[in-house]
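First comes the structure, then the notes that go with it.
The values are calculated or read from the model by the stated rules, or taken from the named source; none is laboratory data. The structure displayed is predicted, hence computed values, not measured ones. Neighbour counts run over all protein chains shown; Cβ positions are idealised from the backbone, glycine included. Heads up: the accessible areas ignore ligands, DNA and RNA and are worked out on the full protein's heavy atoms, side chains in. Shrake-Rupley method; radii C 1.70, N 1.55, O 1.52, S 1.80 Å.
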Amino acid sequence: MGCISNTWYSFKVNGAISGFFPGKSGIRQGDPLCPYLFVLSMEILSRSLRRLCSQPRVSYHPKCSRLNITHLIFADDLMIFVRGDVPSVNAVKKAISEFALISGLHANIEKTNIYFGGVPHSIMQEILDATGFSLGNFPFRYLGLPLATSKLKISMFDSLVTKIQKCIHHWSSHALSYAGRAQLLNSVIFGLDNFWCSSLLLPKEVIHHINKLSKDFFWNIPVGTRRLVFKNWSTICAPWSYGGFNIKDLLSWNQALWVWKLSLPNTGLWAHWIKTYVLKQESIWTVISKEQFPSCFKDILKTRDIFVSLSGSAQQAQLQLNAWCAGSHIPANQLYLFFRQITPVGDWATSLTYSGIMPSHRIISSMAVQGQLATVDNLQRRGFSLANRCCLCENHEETHAHLFFSCPYSHHVWLFVLQWMNVIRPVLPLQQELTLLDTMPSWRKHWFQVSIATVVHSLWTERNHKIFAQEQLSPSALLKKIKFKIAVRMHMRHSELFLSSLQSV
């Protein structure tokens, strides 16, 4: 009680602490002690509910008796399961009332509902009159997720889609690079999706709609009334080592998470319940879908069938899972890549996975290797009437090969960079430059990885600056900027080497 009754508080006024005063009213909202006290209080309620079914005339819910389940609780979201008869419900009401007398935490009548299944109308009305609670209807939400007695409808996912739309609308007005948009999709949008994906199998219509929102956000670079899309969404949603931008493919990730859940040991409540009431004596890998199965479990079995089909057989699927097993668990990312069924684009892509490379540099370099930047020849192929001249040299047509290597301006920059790195040889095409890195020592390999990506990004930036601002640095001036960027990225590991290199410029 000393932690509760002997507290003192102070306020900061204009950045300065202004005196102290005693907390005579006890713990306030936000006090670090609140969560611990709340957990202790809820433990008292949990024990009271667990003892209910040991009383005479009080029965478990028919689908909870074998596992002794009486309730689920997360913070103040509480679900209680009992048989739909008057004595059982009255016992629950009594336990809640006794807990309220002890703790002062009362059930909110306006927010408390009772949901019935297979209960006669007369008993339903008697229970509602005895408790004073409202009659609830399916579907309803628990922890933000829709719970239904039948197949989930598209409308039940409106809240998820609405949240994503609000996030995208908020960030669409900002001037963001490809890397910035990819980062937002991965952190914000995928963060929202991931909670739902790990809890439910999302309908394909919902996934398609979310993908469309994400795709429109990523390519939000209008030219007149048209949008430039140089890379399809499927390849964007691939890891860096596969030529993509490391954005998760929602459908494959959703499927992978549920096969991952099926492969876990039967230690979780969900797995125990499925094994006890749905599978019974059958194996998850061989059971055939039946009419009486819950609709959500039928969808899970369809995902299992996809995994088995990709593996070749149920036995091969289990062997594949065992091969991926790391200790006592299977990495979900292995399952995700398996569902994607994508092939590597080449050794060059692996060279761009080094964490020292800036994300924006990595994206531009990846698109440059695959010929997916908005060069004039690419724009012409998409129906734009433009004069094709390289803005850096103004003597040749602009293509990826010319812009980054054949152009005299770019060629001079590359020669300067190779000389700085003590490499005496001709400049090679970008894909070959990246492929050669595997033969180098680790520190020098990292230097080359950062350098190549920085040069490509700098040349692309300089090209755009010349087009839109009519300004251009000399090759030597651009080299200074490139060296500085490389030094900033690498100084944590090789500070003395790079600082001395900068001094020699």
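Things worth noting here:
- Computed on the Cα trace of the range 339-473, the radius of gyration divided by the Kirkwood hydrodynamic radius gives Rg/Rh = 0.98.
- Computed from the alpha carbon positions, the gyration tensor of the range 182-254 leads to an equivalent ellipsoid with semi-axes of 22, 15, 11 Å, biggest first.
- Computed from phi, the 3J(HN,Hα) profile of the range 57-70 under the Karplus parametrisation 6.51, -1.76, 1.60 (θ = phi - 60°) reads 6, 10, 10, 5, 4, x, 9, 10, 5, 5, 9, 6, 8, 10 Hz, with x in place of Gly and Pro.
- Note on the chain: with neighbouring protein chains present and a 1.4 Å probe, carbon and sulfur make up 56 percent of its accessible heavy-atom surface.
- Average projected area [Cα convex hull, the range 256-410], square nanometres: 14.9 nm²
- Couplings 3J(HN,Hα) of the range 342-357, computed from phi: 9, 10, x, 8, x, 5, 4, 5, 5, 5, 8, 8, 4, 5, x, 7 Hz, in residue order, whole Hz [Karplus 6.51 cos²θ - 1.76 cosθ + 1.60, θ = phi - 60°; x for Gly and Pro].
- The phi-based Karplus calculation (6.51 cos²θ - 1.76 cosθ + 1.60; θ = phi - 60°) puts the 3J(HN,Hα) values of the range 285-295 at 8, 10, 5, 9, 4, 10, 4, 7, 5, x, 4 Hz, whole numbers, x for Gly and Pro.
- Set of aspartates and glutamates with alpha-carbon distance to LYS153 below 20 Å, sequence-local pairs under 8 removed: ASP193, GLU205, GLU291, ASP299
- Binned Cα-Cα distances of the chain, short to long, each 20 Å bin given as a whole percent: 17, 37, 31, 15, 1
- Restriction of the GluC sites (Glu not before Pro) in the range 373-461 to DSSP coil positions whose beta-carbon has at most 16 other beta-carbons within 10 angstrom yields GLU394, GLU397.
- Accessible surface area normalised per residue over the chain is 55 Å², counting heavy atoms of protein chains with a 1.4 Å rolling probe.
- For the chain, with +1 on Lys and Arg beta carbons and -1 on Asp and Glu, the positive-most of ILE123, ALA16, GLN183 along the dipole: ILE123
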